[in-house]
Amino acid sequence: AQAVEFLEIELSGAVMASSLPLSESDQTSYQGITSDDDQRRHPHNRCPSSCSKRCDCKCIVISAIVLAILVGVVLILLPTGTPLPPGYCKDEAAPRPTPPDWTQPGGPRRWAAKLVDNMTFEEKHRLINGAGWWAWTQQEGYYVGDILANPRLGLPSINMQDAMQGFRTTDARMIGQVTSWPCALAIASTWDPNATWEWSKAIGEEHLAKGANVVLGPSVNVHRVALNGRNAEYISGEDPALGKVLAAAYVRGVQEGAGAAAVVKHFVLNQQETYRRSVDSHADERTRWELYYPPFEAAVTAGVAAVMCSYNFVNGRQACDNSETLNTDLKGRMGFEGWVMSDWWALQTQSSANAGTDQDLPGTDGFFSDLSPGRLDDMASRVLLGMSRARAWLSPPDPSKTCRVGCDCDDLLYRATATTPEHVALARRLATEGAVLLKNEPRQARGAEPSPATRVLPLAPGQRVAVVGSGCSWKADPYELAGDWTASDYYVVGGSGRVLSPHQVTILDGLRESGLDLNVSESDDIHEAAQVMGGADVVLVCGGAKTSESFDRQSLKLDQEHFLLHITALGRRLGVPTVVVALAPGAILAPWSKDASAVLLMFLSGQETGHAAADVLLGRAGVGPSGRLPVTLPAREHDAVPPCTGSGPCRYSEGVNGGWRIYSGKDVAYPFGHGLSYTIFEYSVAKDWAPSSDVAGSLWEIVIAIRNAGLSPGVEVPQLYLKFPPEAAVPEEDEAPEPRLRGFQKTPRLNPGEVSYVTFSLGARDLSVWDSTPHKWRQVHGVFKTFVAASSRSFRLCGSVGDGAATHPCSGTEDERS
């Protein structure tokens with residue numbers, strides 16, 4: 001009976017906590033964010049094996065009630081608060097240690113070893129065990145994750161906060177003090193490392209303004225399960241080549257731009273929320289290195305301070321207790337020098353320390369109480385190295401943004417305002433850049449033929465626009481949402497990535513400031529919508545879907561699918577163009593797009609969603625859609641990989657052909673990489689493939705000319721795909737893997753007639769596969785087919801490397817398997 005087992009764990013945790021000393025100050029607990037998740041969500045599946053069919057319900061209920069009473073009594077009798085060292089809040093801090101010279105080989109390690117040598121046994125343990133939680137409740141005045149300071153040695157406390165849409169609002173008092181940013185998947189839709197850098201730098205700045213020096217991001221897991229409840233948080237989308245570029249930009253934005261420490265997560269094979277604490281993901285070594293490791297490896301190369309290990313199992317071992325992935329792959333082959341922290345309550349055994357986990361969070365389970373001296377020193381040293389490399393402990397600190405957790409962080413946590421007008425403007429711009437135009441038909445005046453020169457979008461001031469459907473004006477009370485940590489809406493994720501805002505702008509709010517002649521129906525009543533549509537030049541209808549950590553989505557459908565199907569069909573019959581705005585947490589089904597005249601997709605875009613949507617829909621100030629899909633929109637839900645359920649291994653049977661390549665050979669609604677503009681672009685070869693003179697490791701290079709051949713300004717995102725020769729085939733297959741994304745670039749804004757030159761390079765790593773026998777990269781020799789494309793299924797220029805053939809415009813028969 002897992003419900004009974006969970007209560008027994010609570011009881012044992014409470015008893016363990018009773019041995020802890022009282023805190024220096026008489027702190028009181030409050031009803032903040034708790035760890036309540038999947039273990040408590042399905043009690044009907046948990047009946048003790050000793051119960052008969054007749055009495056199973058009574059048995060589970062009685063057992064649960066008895067244990068709940070015992071737990072309650074124990075918790076009432078036990079002292080509350082986080083234990084603090086004697087004099088902790090009163091001691092004056094020594095000057096911060098001078099940071100090491102990272103250009104000197106071995107210097108940082110010697111610096112860290114010297115600091116650790118000066119620490120007491122308790123001070124070393126202080127660096128590797130979290131604080132700030134009482135049982136499963138976050139304490140007043142603490143961040144989501146906390147490492148107590150060491151005033152004697154001048155080491156500040158490590159204050160960690162979740163970050164996927166900004167500084168996580170764990171307390172209702174924080175709502176409105178921070179920016180609710182577009183989610184990571186919306187940023188992935190920009191296909192722009194510069195935009196990612198701006199976003200993460202601003203998030204880091206707001207963390208620092210709230211007293212947090214560690215940003216718990218980026219989340220970089222490559223999407224496998226379209227229904228995954230956390231896909232909106234994962235910046236890699238469906239391809240590691242996209243993820244590795246954006247992950248590195250995120251890390252540099254937080255660390256070099258803002259001066260906080262970044263934490264890349266969740267390592268590794270964490271692709272679903274269903275049974276997230278017990279699912280056993282099985283993927284071979286080549287699949288891990290070619291598909292799922294690259295974003296993490298790029299973050300390591302960028303100098304990320306820490307890596308967070310995940311809840312799931314990997315090839316039979318829990319991810320935080322997996323020496324192969326942590327010690328051998330991450331710390332060994334990738335060369336990671338920072339520290340590995342556990343996800344909250346992810347540790348299950350004491351052996352996780354020897355397996356490579358360096359820090360236990362939130363620190364309430366006592367797993368790291370008995371360690372060998374050498375391993376303890378290494379763990380403490382790694383924390384120091386990570387914080388130092390991230391520049392998060394630079395001296396002198398800004399006193400107005402510095403606090404000692406457990407003592408004086410209340411003002412920064414609950415009263416400091418971190419958002420700025422500049423950040424709100426940036427959030428709006430990033431949301432526009434991540435908006436993806438999926439469809440835009442020629443405009444047809446009543447009684448006339450459609451004109452290919454003009455399209456339904458952009459809208460023009462003065463047009464009569466019928467705005468229909470609940471999705472266009474949907475807005476929840478953020479203070480009500482704050483009561484349930486998994487609650488979400490059409491603008492923010494639920495769970496640890498959530499940032500609530502009282503300044504949420506809906507689609508309708510944004511359109512009211514547009515100069516359009518609006519006629520509005522805010523319900524999903526089809527008859528009422530039909531009345532509003534009469535006499536309209538354009539109909540605009542909205543749909544959305546929600547998502548949250550802790551459980552996967554029930555369906556890929558939008559909540560208003562039935563309404564959307566009827567409205568788009570009615571618009572087609574009436575000859576009135578219908579524009580659908582979809583607010584999505586990941587991949588969606590779009591059967592209504594068949595009858596829609598235009599479709600704009602926005603992944604959860606935060607508080608400025610409505611303003612950004614209006615900017616794109618009207619093409620304000622030259623703003624047009626420039627986003628591209630980081631995921632596939634499948635034609636049918638059963639074409640997508642479902643979450644693994646039940647017992648037994650969750651086998652990644654698709655191997656290296658995961659991500660968007662899962663849909664190879666199947667019809668899709670919209671492919672990975674797809675996105676339209678308000679103009680058209682011509683692709684041509686300026687300089688064909690030739691050996692590169694670049695000393696940075698490039699072997700081959702091509703230069704492509706991208707010309708704006710339309711009538712409006714616009715931005716294009718050319719993409720390079722590479723088809724390996726047969727020599728790259730895995731032993732059990734007859735042919736090489738599906739084409740791989742090997743590069744992409746976002747052009748500057750091009751006016752009509754302007755040309756941008758894009759250079760694509762291929763290095764040894766791009767031409768290599770992972771060889772699991774010697775456990776290293778092996779360069780493949782032979783003829784590689786190349787495709788310069790507008791999406792994974794829209795190839796514009798076809799060529800090859802290795803045979804001297806000329807690159808040419810692709811014919812209709814040269815598909816992704818050619």
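Post the alpha-carbon centroid distance, region 646-703 to region 525-567, in whole angstrom.
If you average the Cα positions of each part, the centres end up 32 Å apart.
Report for the chain the percent antiparallel among DSSP-assigned beta bridges with both residues inside it, nearest 5.
55 percent
Using the Karplus equation 6.51 cos²θ - 1.76 cosθ + 1.60 (θ = phi - 60°), what ³J(HN,Hα) coupling, rounded to whole Hz, does each residue of region 619-627 give in order, writing x for Gly and Pro?
Result, rounded to whole Hz: x, 4, 6, x, 7, x, x, 9, x.
Starting at the first residue of region 175-188, write each ³J(HN,Hα) from the Karplus equation 6.51 cos²θ - 1.76 cosθ + 1.60 with θ = phi - 60°, in whole Hz, x for Gly and Pro.
Computed from phi, the couplings for region 175-188 are 5, x, 8, 10, 7, 8, 7, x, 6, 4, 5, 5, 5, 4 Hz.
Compute the helix-to-body angle for 421-434: its Cα long axis versus the longest principal axis of the chain, expressed 0 to 90° and rounded to tens.
Once rounded, the angle reads 50 degrees.
State the antiparallel share, in %, of DSSP beta bridges confined to region 280-381, rounding to the nearest 5. Don't jump to the answer; show the numbers that get you there.
Working: 2 of 9 bridges.
Roughly 20 percent of the DSSP beta bridges within region 280-381 come out antiparallel.
Could you list which residues have their amide H under 5 Å from that of Gly494, counting only those 5 or more apart in sequence or on another chain, with H placed in the peptide plane?
Thr547, Ser548, Glu549
How much accessible area per residue does region 178-220 have, in Å², with a 1.4 Å probe?
On the way: 560 Å² over 43 residues.
Dividing the accessible area of region 178-220 by its residue count gives 13 Å².
For region 133-200, calculate the relative contact order in percent as a whole number, restricting contacts to Cα pairs under 8 Å that are 6 or more residues apart.
Working: 51 pairs, mean separation 12.4, N = 68.
Reported relative contact order: 18 percent.
For the chain, which whole-number percentage of the solvent-accessible area (1.4 Å probe, protein heavy atoms only) is attributable to carbon and sulfur atoms?
Carbon plus sulfur share of accessible area: 53 percent.
Can you give the angle from 0 to 90° between the axis of helix 193-209 and the longest principal axis of the chain, with both taken from C-alpha atoms, to the nearest 10?
The angle comes out near 30 degrees.
If we count every other residue with Cβ under 13 angstrom of Lys210's Cβ, Lys/Arg +1 and Asp/Glu -1, where does the sum land?
Cβ neighbours under 13 Å give a net charge of -3.
What does the C-alpha gyration tensor say about the overall shape of region 602-713? Classify as rounded when a/c is under 1.5, otherwise prolate if a/b is larger than b/c, or oblate.
oblate
Is the chain best put as rounded, prolate or oblate by its Cα gyration tensor, with a ≥ b ≥ c the root eigenvalues, rounded for a/c under 1.5, and otherwise prolate when a/b is larger than b/c, oblate when not?
Taking the square roots of the gyration eigenvalues as a ≥ b ≥ c, the chain is prolate.
Round to the nearest 10 and give me the degree value, 0 to 90, for the angle of helix 561-574's Cα axis relative to the longest principal axis of the chain.
Approximately 10 degrees, to the nearest ten.
Pull up the cross-link candidates among the aspartates and glutamates for Lys90, meaning alpha carbon to alpha carbon under 16 Å and not fewer than 8 places away within one chain.
Within reach: Glu24, Asp26, Asp408.
Lys and Arg at +1, Asp and Glu at -1: add these up for the other residues within a Cβ distance under 9 Å of Glu608 and post the number.
Around Glu608, the charge tally is +2.
Using a cut-off of 14 Å between alpha-carbon atoms, which aspartates and glutamates can reach Lys401, once sequence neighbours fewer than 8 places away in the same chain are excluded?
Hits, sequence-local ones excluded: Glu205, Glu206, Asp410, Asp411.
Collect residues whose amide H, placed 1.01 Å from N in the peptide plane, falls under 5 Å from the amide H of Asn315; neighbours closer than 5 in sequence don't count.
Ser281, His282, Ala283
Got a number for the accessible area of Lys557? Probe 1.4 Å, square angstrom, nearest 10.
Accessible area, nearest 10 Å²: 100 Å².
Straight-line reach from Lys114: which lysines have Cα under 25 Å away, leaving out those fewer than 8 places along the same chain?
Lys124, Lys331
Taking 27 Å as the cut-off for C-alpha to C-alpha distance, list the pairs among Lys201/Lys244; Lys594/Lys746; Lys201/Lys265; Lys210/Lys746; Lys666/Lys785; Lys244/Lys776 that go past it.
Table pairs above 27 Å Cα-Cα are Lys594/Lys746; Lys210/Lys746.
Provide the net charge surrounding Ala262, with neighbours chosen by a C-beta distance below 12 Å and charges set as Lys +1, Arg +1, Asp -1, Glu -1.
+4
Considering amide H positions built from the backbone, and no H for Pro or chain starts, which residues 5 or more places from Trp700, or on another chain, come under 5 Å of its amide H?
Sorted by chain and number, the residues that satisfy this are Ser692, Leu762.
With every protein chain left in place and a probe of 1.4 Å, what is the accessible surface of Arg168, to the nearest 10 Å²?
Near enough 20 Å² of accessible area.
Residue by residue through region 224-237, what is 3J(HN,Hα) from phi via Karplus (6.51 cos²θ - 1.76 cosθ + 1.60, θ = phi - 60°)? Round to whole Hz and write x for glycine and proline.
My calculation for region 224-237 gives 10, 9, 4, 7, 3, x, 10, 4, 5, 8, 9, 6, 7, x Hz in order.
Among rounded, prolate and oblate, which fits region 278-323 when a ≥ b ≥ c are the square roots of the eigenvalues of its C-alpha gyration tensor, a/c under 1.5 means rounded, and a/b larger than b/c means prolate?
Verdict is oblate for region 278-323.
The values are calculated or read from the model by the stated rules, or taken from the named source; none is laboratory data. Because the structure is a prediction, the values reported are computed rather than measured. When we count neighbours, we look across all protein chains shown, and the Cβ atoms used for this are built from the backbone with ideal geometry, even at glycine. Ligands, DNA and RNA are stripped out before the accessible areas are found, and what is left, the full protein with its side chains, is counted by its heavy atoms. Shrake-Rupley method; radii C 1.70, N 1.55, O 1.52, S 1.80 Å.
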